[in-house]
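Since every read-out is calculated from the coordinates, none of them should be taken as a lab result. Given the structure is predicted, the values throughout are model-derived calculations rather than measurements. Neighbour counts run over all protein chains shown; Cβ positions are idealised from the backbone, glycine included.
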Amino acid sequence: MKSKIRVAASLLAADFSDLSREVKMVERAGVDLLHLDIMDGHFVNNISFGPGILNSLKAKTKLPFDTHLMIENPQRYIREFARAGSRIITFHIETARNPRKLIKSIRKLDCSPGIALNPQTPVSRVKPLLKEVDLVLVMTVNPGFGGQKFISSSLAKLRELKRTLKSRQNLKFDLEVDGGINRETAKMAVSAGANILVAGTYLFQSKEAKKRIKELRCEG
């Protein structure tokens with residue numbers, strides 16, 4: 001049986017003047033997760049928002065919070081994001097001094113640990129950790145800003161990770177992609193092995209979000 005493709009709506013693309021309405025819109029449209037890009041102005045050249053936004057939204061939605069830490073020193077902040085309602089906490093391999101310790105810390109907070117890698121980072125950097133995480137996030141744009149063009153060379157990483165997942169019985173993790181996801185790139189990503197698609201501009205700037213979610217899942 002083919003596994004369902006899940007869609008995560010990236011809050012970064014929402015209208016921040018009315019976040020509650022925006023979140024309710026994508027929830028009604030049928031997304032599975034709310035993707036929260038946390039940027040600190042150091043690891044990436046942008047600043048987004050912090051745990052206060054999560055706290056303000058957690059009573060407004062039943063969507064699980066998929067929190068993506070694009071920050072330096074993620075160990076310092078994981079407790080705050082867990083308290084704010086994060087279900088998944090993903091950090092970047094490029095920022096982690098002791099990734100195994102960080103993974104264990106995330107699990108102790110009753111959250112699912114994920115690990116992300118930038119377009120320039122090889123899969124070999126995360127392979128030793130695959131047994132310990134619940135999610136691997138392959139960036140298909142350079143992190144920091146929404147609305148970028150999909151980097152097709154990232155598909156090779158998805159294929160490599162999918163092959164590894166199939167070849168080792170002790171592995172069980174989701175493969176998530178983030179960046180430039182639309183109807184066409186979603187098909188390529190899913191074909192390469194992805195089962196979670198992060199979409200921002202494609203959903204929040206559409207008047208037909210429900211239709212677009214079905215398209216991303218290859219249902220319409």
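Data table
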| read-out | value |
| --- | --- |
| Highest-first arrangement of 108-120, 42-54, 24-36, where packing means the average Cβ count within 10 Å | 24-36, 108-120, 42-54 |
| 15 Å beta-carbon shell around Arg83, net charge (K/R +1, D/E -1) | +3 |
| Value in Å of the Kirkwood radius, where the chain supplies the Cα pairs that are averaged | 17.2 |
| Ranked packing of 77-86, 160-169, 91-100, most packed first, by mean Cβ within 10 Å | 77-86, 91-100, 160-169 |
| For region 6-216, size of Cβ-based charge dipole, Lys and Arg +1, Asp and Glu -1, in debye | 780 |
| Simple Cβ-charge dipole of region 49-93, Lys/Arg +1 and Asp/Glu -1, about Cα centre, in debye nearest 20 | 260 |
